[in-house]
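The values are calculated or read from the model by the stated rules, or taken from the named source; none is laboratory data. Everything quoted here is computed from the prediction, not taken from an experiment. Cβ coordinates were reconstructed from backbone atoms using ideal geometry, including for glycine residues, and neighbour counts include every protein chain displayed.
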Amino acid sequence: MNVYLNDIAFQGRENETILEFVRRNENRDAIPTMCQDDRLDNFGSCRVCSVEVAREKGGLTKTVASCHTPIFEGAYIYHNTEKIKRLRKNILELVLTDYPSDKVFPDKGKKPTEFQKAIADIGIPNVRYPQGKSNFGLQKDNSHPYIKSDLSQCINCYRCVRACEEIQGEMVLGMSGRGFATQIIKGFDSNFDLSACVSCGACVQTCPTEALYDKFTTKTLIPDETIRTTCTYCGVGCQLDVSVIDGEIRGIQAPETAEVNEGHTCLKGRFAFQFYNHPDRLTDPLIKRDGKFEVVSWEDAYDFMAKKLTAVKEAYGADSIGCISSSRATNEENYLMQKMTRVALNTNNIDGCARVCHAPTAYGMQKAFGTGAATNSIKDLGMTDCILLFGANPTEAHPVTGARIKQLFMQGITSIVVDPVKTSLAKLATYHLQLRPGTNVAILNMIGHYIVKEGLVKNEFIQKFTEQYNEFYQHVISLDMNELEYITGVSKDLVKRAAIAYASSNNAMEFHGLGVTEHFQGSKTVMLLSNLAMMTGNIGRPGVGLNPLRGQNNVQGAADMGVQPHQGAGYMDVNDPEIQNYYAQKYQIPEMPEREGLKIPEMLDAAINGKFKALWIMGEDTLMTDPNTMHIRKAMEQLDILIVQELFMSATAEMADVVLPASSYFEKNGTFTNGERRVQRVNKVIDPIGNTKPDGQMIIDMMFKLGYEQPTGREYDAAKILDEIADVIPFMKGINWERLGTNGLQWPVLEDGTDTQIIHRDGNFRRGKGKFHHFDFEETPELVEHRNKYPFILTTARQLEHYNAGTMTRRTDNQELSPMDYLEVNPLDAAEKDIGADDKVKIFSDRGSVIIPVKLTYLVKPGVVRTTFHQPEIFINMLTGNVGDEFTLTPEYKVVAVDFEKI
C-alpha cells in the first residue's frame, strides 16, 4: 500500500503500525516514546508518540498515538509538526511534575535512561507545578538481592507491570493508589522480598527510568565493550549481552534481536554470573601427594598424567581407561574429548551427562524417526493449537520457554500436562493427568487406545509415511483401561478427554523432559510419544512435533559431538567397520578402536571389579549428580588415577589425584547447541582467571603429550575445531564460525549454509519411514524389590534459582534466594507421621539416608515425596539407586523407594 511520510511516498506493510512504519523508513529515534516496548502489546497510555494523520494531502488531520494506530492506504503522516512538538512538551511537563528534578539529566559517568533520552529529544518544558513523589514517603526497596526500586522515579508507564504479565506471565507487579500517590506494588506489598517475584529482570530491562534497576546498574553502565554470548545454564540457549569494564563483567542484558529469547532471560542468565571470579575458583593445577593437594605447573601436571595413563594402558589395556565429558563445555571441547579418548587413548570408553539425562530421547527418537533431536523450533509455539507437556516443568527448569508456554496456557490454548506433581503449569492446564511416578508407559497406552478407539488417527499419513502401525493398533486396542486406570491412578475418563483433545487439534506440539527420560522405561516412553505424533499426523510441519526440553546448556551438542560409547561424532555406529574406517581417515590415524565402550555405570562397576583403572572427568561432579553416591565413591577409590577438570573444588574433585583448573564459559570461545538444534557462538568475554585454561586447550596439550598431533595445531582455536567438526559430521557440513553470526544455525545445515527449522518435513523421515513401537507397562525393579520396606516414592526435580549441583549458582546471590533443599510432603502423610511444617526428617532408602527439612504441600499426592538436589549439605543421591533405563542406563532419579521419620 502507498503511505506518505511528510508527503513522500513509501510502501507500507500489512498490519504495520504508524510507529513501525516511520521507524522503518526514517530511523528508530524519529518518534520519541515512553510507554512503548517492542516486546509488549501496544498500550498507548503516554501519547508521547502522537503524530498527525490525514486521509489526503492537505486534508484535515487527526492526532493519534502512533504505537497502536495502523497505517492505511493513502495515509499522510506528519510526525514532527509544531503542533505535535507542543503536545509532546505538554505531556512531558505533566510527567515531570511528578518526577525528581535531579534525575532529569544522567549522572556523570552514566549513560542516559530511555526517559532521559526522550527528554533530550522533546526538549525540557517549563514545569509549572512541580510536586514529586518523594513528598509521599516513597522509600527505596533494597530487599531483593538483585532487583532494586526507587519509585520516586516512576512515570506510571506500566511497562514493568505489562512485562511481568506479557513476557514472564507472573503478574506480580501492579499499580495502586491515585494521583500523586499512585505507585507500583509487588504483589500485595511494596517490597520485592515479600512478593512471588521470580527475579527474571524483565521489569528492570523495560523500565525507561531508574525506578527499577538491578544491583549492577546495568542499564546506565557505559561499558568498555559489550559482547554477545550464549548462556551457560539450561538448554534454551538464551543470547546475552555482557558488559565489560576494566576487564571485569559488570552486567548482563537480554538482546531484543536474539531469535531464541527475544530480549528475555531468567534470573540465572541475567544475574547469576558472579561465580566467574569467586574466591573459590581453582586457579592452578593440583596433584595429590600423601593425601594433600600441591600446586604444580601445567607441565608437571601433564607429565604426571601421561606417565600414569601410559602405565595403566600398558598394564591393563586401553579399555581400562575412560573419560566423562561435559554438557557444560562447548561443542569443540566435547568433540576434542571424545576424539582424544578414541585416537590418543585408543578406547571408546567415553560418556557424559547427556546420557545421564536425555539418552532415552536420542535413542527413542532415533528408533522412531531416525534422528534423536527436536523436530521443530520453539517459535512454532505461535502456530500450535494444543500443547502436550509430559514430565517437564519448564517454568522452573527452562524458564524462557516456560514463560512462552505459560502465556499460551493463560490464553486458553488446549493444554495437557502429564506430571505426578501439580506444577504451576499443571494448575493452568486444561487437563492435568497426575499419574503415579513410573507409570508413563501405562498412561501413554491409555492415550493411544482412546485415539484409536475414537477413530481420530490420520490413516492417510500413517499408510504413506509409517510402518508397523498395525502391530501397535492390535496392542493398544486390546488393553484393559480399568487395569491401567488403577496402575496410573488417573481417571480413564480424564485420560479419554485429554486424548480426544490432543488428537482433535489441527496442530499439536509435544514437549517432554527428564520426567520422561529418567525412568526404567524412559526410552519406551519416548517411542510411545513418537507414536502419538505419527498417528495424528503431528510431525513434519509448523506448530507440531516432538520437542525434548534439554536440561543443561549443551546436552544436545555433547551428544552430537560423539560423547557416547556406542556412537561417534554425528551419531555414527562405532561398531560398524565402514564407520571405523571413516573416522580413521578423518582423524588421520591407522585404525579406530573396534569395541563399543562402557557407559558411566559400567565404568564404575568395572572399577569395583578391578578391571577399570583410570578415569578422566571434564566438568562433571559425578559423585554428587550421579545416583548411589556410596557406590560411586567405592568405585573411585579403586582407581589408579582420577583426573578432574573443574571450576571449583567439587566433591568429585576432592577425590581426584589431579585437578586441572578450567576457564569458565566467559573466558573462552566455542559453540553450544540448544534444544532446538541451534548451534550458537560462545564468545570470549574476559581473559582466563588466574592460571586457568579452557578445557579444549588442556585436551589438545595432552593429545600432543600422548603422541597424537591435533591437525589444528597446539593452540585451542574454536573456529578451526568447528571447521574440523563440519568436515566430520555430515549434518553440520555448512557450519563455520562466521556463518553462525549472532543467532546461530539449526542443523542440519547444508553446504551452502542453509539451515533447517523443521525436520522430517512432509513425512520425509531420516530413517525412511516413521516406525511405530508398542510396549506393555512394566513396574520398575526399584519398586518391585523395595516398596514393601520403603512405601513412599521419592521423585527429584530442579528449581528455578539453581542449576544442577549448584556449583555455579550457589556462589552467587541466588543462594540467598534459595538457600536449601526441602522434602515436599503431602500434609496427609505428614499428619500420619506427626510431622510439622518446621520439622526435619530422616529420609532413607536401601542405599542410605540423609537429613532434610520438610515443606508441606498438596502439590504432591499422598505416597509421593519430592526434593531438589542442588545443595551438597544434603547429598540426596545417597538415596538414589542403580536402576536405569533398560536401553541407555540413564538413571531412574524419578522413582526411588523411600521412607522417612521425624527427628
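Of all residue pairs spaced 6 or more apart or on separate chains, those with beta-carbon atoms under 6 Å, a first member in the stretch 199-221 that is within 15 Å of Pro106 (Cβ to Cβ) and a second member that is of a type in the set (Gly, Ala, Ser) are Thr218/Gly251; Leu221/Ser243; Leu221/Gly251. Take the conditions (1) surrounded by 14 or more Cβ atoms within 10 Å (Cβ to Cβ); (2) outside the structural domain of Lys57 (by TED's automatic domain parsing); (3) hydroxyl-bearing (Ser, Thr, Tyr); Tyr76 misses just one of them, which is (2). Quick check: is even one residue across the stretch 352-363 out of contact with any Phe, Trp or Tyr (no Cβ under 8 Å at 6 or more places or on another chain), in a strand (DSSP E or B) and buried (at least 24 other Cβ atoms within 10 Å of the Cβ)? Scanning the stretch 352-363, I find at least one residue that is out of contact with any Phe, Trp or Tyr (no Cβ under 8 Å at 6 or more places or on another chain), in a strand (DSSP E or B) and buried (at least 24 other Cβ atoms within 10 Å of the Cβ), so the answer is yes. Summed over the stretch 882-903, the residues that are charged (D, E, K, R) and within 14 Å of Pro601 (Cα to Cα) give a count of 3.
Only residues that are among the hydrophobic types (A, V, I, L, M, F, W, C) and within 15 Å of Asp37 (Cα to Cα) were counted in the stretch 236-270, giving 1.
Taken over the stretch 307-351, the criterion of being charged (D, E, K, R) and crowded, with 24+ Cβ neighbours inside 10 Å is satisfied by Arg328, Glu332, Glu333, Lys339, Arg342, Asp351. Quick one: is Val127 at pLDDT below 90, in contact with a helix residue (DSSP H, G or I) (Cβ under 9 Å, 6 or more places away or on another chain) and of a type in the set (A, V, I, L, M, F, W, C)? In short, yes.
Suppose the filter is within 19 Å of His631 (Cα to Cα) and either buried (at least 19 other Cβ atoms within 10 Å of the Cβ) or in contact with a Gly (Cβ under 9 Å, 6 or more places away or on another chain) (or both); does Val850 pass it? Criteria met by Val850. Out of Lys219, Lys268, Lys215, one residue alone is surrounded by fewer than 24 Cβ atoms within 10 Å (Cβ to Cβ) and either touching a His at 6+ places or on another chain (Cβ under 9 Å) or under 18 Å from Tyr803 (Cα atoms) (or both). It is Lys215. Among the residues of the stretch 281-304, those identified as within 15 Å of Gln697 (Cα to Cα) and aromatic (Phe, Trp, Tyr) are Trp298, Tyr302.
So that you can scan it fast, the table gives a plain yes or no per residue for (1) loosely packed, with under 14 Cβ neighbours inside 10 Å; (2) under 42 Å from the mean Cα position of the chain (by Cα):
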{"residue": "Arg86", "(1), (2)": "yes, no"}
{"residue": "Pro100", "(1), (2)": "no, yes"}
{"residue": "Val127", "(1), (2)": "no, no"}
{"residue": "Asp141", "(1), (2)": "no, yes"}
{"residue": "Arg159", "(1), (2)": "no, yes"}
{"residue": "Arg162", "(1), (2)": "no, yes"}
{"residue": "Glu165", "(1), (2)": "no, yes"}
{"residue": "Leu173", "(1), (2)": "no, yes"}
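Residues of the stretch 81-94 include at least one that is closer than 29 Å to Arg39 by Cα, in a loop (DSSP other than H, G, I, E, B) and in contact (Cβ under 8 Å) with a residue 24 or more places away in the chain. Within the set of pairs 6 or more residues apart or between chains, which connect a residue that is on the phi < 0 side of the Ramachandran plot inside the stretch 6-27 to a residue that is assigned to a helix (DSSP H, G or I) with Cβ atoms less than 6 Å apart? Matching pairs, first to second residue: Phe10/Asn25; Gly12/Phe21. Would you mind stating whether Gly537 is within 24 Å of the chain's Cα centre (by Cα) and either surrounded by fewer than 24 Cβ atoms within 10 Å (Cβ to Cβ) or under 29 Å from Pro781 (Cβ atoms) (or both)? When the stated conditions are applied, Gly537 does not pass them. Is the stretch 282-297 home to any residue that is surrounded by fewer than 21 Cβ atoms within 10 Å (Cβ to Cβ), within 30 Å of Asn674 (Cβ to Cβ), at pLDDT 95 or above and in contact with a Ser or Thr (Cβ under 8 Å, 6 or more places away or on another chain)? No, there is no match, as no residue in the stretch 282-297 is surrounded by fewer than 21 Cβ atoms within 10 Å (Cβ to Cβ), within 30 Å of Asn674 (Cβ to Cβ), at pLDDT 95 or above and in contact with a Ser or Thr (Cβ under 8 Å, 6 or more places away or on another chain).
Residue count for the stretch 445-490, restricted to those that are in contact with a helix residue (DSSP H, G or I) (Cβ under 8 Å, 6 or more places away or on another chain), farther than 26 Å from Thr384 by Cβ and either part of a loop (DSSP other than H, G, I, E, B) or modelled with pLDDT under 95 (or both): 1.
Here is the figure for the stretch 241-259: residues that are assigned to a strand (DSSP E or B), among the acidic types (Asp, Glu) and closer than 18 Å to Thr742 by Cα total 1. Residue check: Leu532 meets all listed conditions (1) in a helix (DSSP H, G or I); (2) under 30 Å from Tyr335 (Cβ atoms) but one, namely (2).
From the residues in the stretch 584-622 that are without any contact (Cβ under 8 Å) to a residue 40 or more places away in the chain and touching a helix residue (DSSP H, G or I) at 6+ places or on another chain (Cβ under 6 Å), which one is nearest to Gly696 (Cα to Cα)? The residue in question is Glu591. Candidates Glu738, Glu676: the one that is over 24 Å from Gln580 (Cα atoms) and surrounded by fewer than 19 Cβ atoms within 10 Å (Cβ to Cβ) is Glu738. Taken over the stretch 7-31, the criterion of being surrounded by fewer than 23 Cβ atoms within 10 Å (Cβ to Cβ) and part of a loop (DSSP other than H, G, I, E, B) is satisfied by Asp7, Arg13, Glu14, Asn15, Glu16, Glu26, Asn27, Arg28, Asp29, Ala30. Of the strands (runs of 3 or more DSSP E) lying entirely inside the stretch 777-895, those containing at least 3 residues that are closer than 25 Å to Tyr486 by Cβ are 792-797, 864-868.
Summed over the stretch 154-195, the residues that are without any contact (Cβ under 8 Å) to a residue 24 or more places away in the chain, of a type in the set (Gly, Ala, Ser) and at negative phi give a count of 3. Right, Arg550: charged (D, E, K, R), buried (at least 22 other Cβ atoms within 10 Å of the Cβ) and assigned to a loop (DSSP other than H, G, I, E, B) or not? Yes.
Kindly indicate whether any position in the stretch 337-346 is touching a residue at least 60 places away in the same chain (Cβ under 8 Å) and farther than 14 Å from Pro593 by Cα. So far as the stretch 337-346 goes, yes, one or more of its residues are touching a residue at least 60 places away in the same chain (Cβ under 8 Å) and farther than 14 Å from Pro593 by Cα. Check the stretch 261-273 and report whether any residue there is more than 19 Å from Val204 (Cβ to Cβ), in contact (Cβ under 8 Å) with a residue 24 or more places away in the chain and in contact with a strand residue (DSSP E or B) (Cβ under 9 Å, 6 or more places away or on another chain). There is no residue in the stretch 261-273 that is more than 19 Å from Val204 (Cβ to Cβ), in contact (Cβ under 8 Å) with a residue 24 or more places away in the chain and in contact with a strand residue (DSSP E or B) (Cβ under 9 Å, 6 or more places away or on another chain). Within the stretch 378-398, residues that are under 23 Å from Phe869 (Cα atoms) and assigned by TED's automatic domain parsing to the domain that holds Ala508 have Cβ atoms under 8 Å from residues that are at pLDDT 95 or above and of a type in the set (Lys, Arg) in these pairs: Gly391/Lys894; Thr395/Lys406, counting only partners at least 6 apart in sequence or on another chain. Screening Met337 with (1) under 30 Å from Leu529 (Cβ atoms); (2) under 24 Å from the mean Cα position of the chain (by Cα); (3) not aromatic (Phe, Trp, Tyr) gives one miss only, at (1). Looking at Phe612, Phe666, just one residue is buried (at least 21 other Cβ atoms within 10 Å of the Cβ), aromatic (Phe, Trp, Tyr) and either within 26 Å of the chain's Cα centre (by Cα) or farther than 26 Å from Leu345 by Cα (or both), and that residue is Phe666.
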